[in-house]
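Just below is one structure, and these are the notes that go with it.
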Amino acid sequence: MDVTQIIVNGLGLSLIVFIIWYFWLYRKEGVQVAVVGGVQEVKINVKGGYDPDVIVVKKGKPVRLHFNRQESAMCSEMVVFDKIDQSAKLPEGETVTIEFTPDQRGEIPFQCQMGMLRGKVVVQ
């Protein structure tokens, strides 16, 4: 093997390790939501994904998620919460609120209607 092949193989192996880490090993801590007036509220920007995409809330306290869509991509037109049977259309430039009260610990995933943009609410 010459030097070029060693460099190319090394870069390929490095890329494989990075992909494994990014997609399977990396875990975001999430945004801890404060309780204000008995309600947990967070603003979520929708632009190429959800920001923040991991939201940590407390069990038994009402949650208000304010989605603000800042793009015109078709995928982000809707947010779907299958586990709690809620969904909402997200008009561009407007804020849409989803409210629920989590009654058990665990994760409540949400996504766009195509399943490309994903996030989750972690209930503690």
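The values are calculated or read from the model by the stated rules, or taken from the named source; none is laboratory data. Given the structure is predicted, the values throughout are model-derived calculations rather than measurements. With ideal geometry, Cβ positions are generated from the backbone for all residues, glycine too; neighbour counts draw on all protein chains shown.
One table, with the values for the structure above:
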{"read-out": "Test: residue in region 75-90 that is in contact with a helix residue (DSSP H, G or I) (Cβ under 9 Å, 6 or more places away or on another chain) and either assigned to a strand (DSSP E or B) or farther than 17 Å from VAL31 by Cβ (or both)", "value": "yes"}
{"read-out": "Filter result for ASN45 (part of a strand (DSSP E or B), touching a residue at least 24 places away in the same chain (Cβ under 8 Å) and in contact with a Lys or Arg (Cβ under 7 Å, 6 or more places away or on another chain))", "value": "no"}
{"read-out": "Region 109-124, residues that are closer than 15 Å to VAL42 by Cα and either of a type in the set (Val, Ile, Thr) or exposed (fewer than 12 other Cβ atoms within 10 Å of the Cβ) (or both)", "value": "VAL121, VAL122, VAL123"}
{"read-out": "Check on VAL17, part of a strand (DSSP E or B) and either over 24 Å from ALA73 (Cβ atoms) or free of Cβ contacts under 8 Å to residues at least 40 places away in the same chain (or both)", "value": "no"}
{"read-out": "Within region 7-59, considering residues that are of a type in the set (Ser, Thr, Tyr) and closer than 18 Å to GLU107 by Cβ, the one modelled with the lowest pLDDT", "value": "TYR26"}
{"read-out": "Residue that is within 25 Å of GLN124 (Cβ to Cβ) and touching a residue at least 24 places away in the same chain (Cβ under 8 Å), where the choices are GLN32, GLN70, GLN86", "value": "GLN32"}
